[in-house]
Every structure is written in C-alpha cells, then in structure tokens.
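K.L.:
So that we are looking at the same thing, I have put the structure below in structure tokens.
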Amino acid sequence: MGSVRKLLRGFAGVVLDFDDTSYPQEQFDVISSHSKRFTFNTEVKELNSLVKILTKKHLVDSIAVVEKDGSVVVSSNGTSFSEGIKASALLNYISSEMPRSSTVMIKDDAWYMLYPFKGKIYIVKAHNNLTTIEMRAIAREIDNFFSQSC
C-alpha cells in the first residue's frame, strides 16, 4: 500500500507541477531601469554596509542572514534574535514536510521570503515577491563577501 501511495504521489507531483504563470515583466522592467540609472558600489569593507546597499540595489525593505540554528549573522534593520529563530523554525518545518522545496514565500502585509543557500538562511522582506533568481543573486553577493573576507 505504501509503494502505491508513493507512486501516486510521484505521478501527481509530475502532473500537477505545471506552472502556467507568466513572468512579472513590470517588475523586471523596474529593476532593469533602476540598475541602469544608479550605480551601487558593493566593494565595501563591512558586511552591514553591504547589506544596506543591497536593499537599495534590489529594491527590498530588509535583508537578514541567519545560521541554520537561528543565530543572526547580519541584518539591514537590526533584526532581533527572535526573527532568526522563527525563520529557521519555519524553514526546517517546511523542509521536513516538503524536502525538495527551495524557497518559502509568505504574504503578510509585505512578502517574507526565506531562501537557504550554503548553510545559511537569507530572509528578504519586500512589498513585491522576488523570483528565485533575484533571491539567489542577493545570496551570492553576500556569500562572495564571506568568501573574500575569510
């Protein structure tokens, strides 16, 4: 019975994993024009400065990076310890229920997005949801800072 259930779940996952949504062209246009009008110097010495620059560059409200255990590495708005614990717990729970999930997006007053990358959790808050490509770009820029400073 269990193997039949796994087979049906796998089949449903393939069939129902059809995404017919269109790309947010307006959002791409805004980001493209924003990056053409402004230059952002990300060659900074401090991680806090980098994160604040990235919030302006990517047009988001805040960026925070936490370890898997919930300890805060950096935050653009002085994120408290409780937010790091909450993000870590949310991501761990969702990963346990859906192991192949890669990004968690929660809509409250604004979007609350969690993106795990190289052992850290990147928390981005914004009024518009970001694509996984944008989340990965933010994570890579911060990760490059970590690798250069070590």
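The values are calculated or read from the model by the stated rules, or taken from the named source; none is laboratory data. Bear in mind that the values here come from a model prediction, so they are computed numbers and not experimental data. For neighbour counting, all protein chains shown are included, and Cβ atoms are generated from backbone atoms with ideal geometry for every residue, glycine included.
Residue by residue, here is whether (1) closer than 10 Å to ILE121 by Cβ; (2) without any contact (Cβ under 8 Å) to a residue 60 or more places away in the chain holds:
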| position | (1), (2) |
| --- | --- |
| LYS45 | no, yes |
| ASN48 | no, yes |
| LYS56 | no, yes |
| ASP61 | no, no |
| SER71 | no, yes |
| SER76 | no, yes |
| SER82 | no, yes |
| LEU91 | yes, yes |
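K.L.:
In the range 123-141, which residues are crowded, with 18+ Cβ neighbours inside 10 Å, out of contact with any helix residue (DSSP H, G or I) (no Cβ under 7 Å at 6 or more places or on another chain) and modelled with pLDDT of 85 or more?
P.N.:
Those that are crowded, with 18+ Cβ neighbours inside 10 Å, out of contact with any helix residue (DSSP H, G or I) (no Cβ under 7 Å at 6 or more places or on another chain) and modelled with pLDDT of 85 or more: LYS125, ALA126, GLU134, MET135, ALA139.
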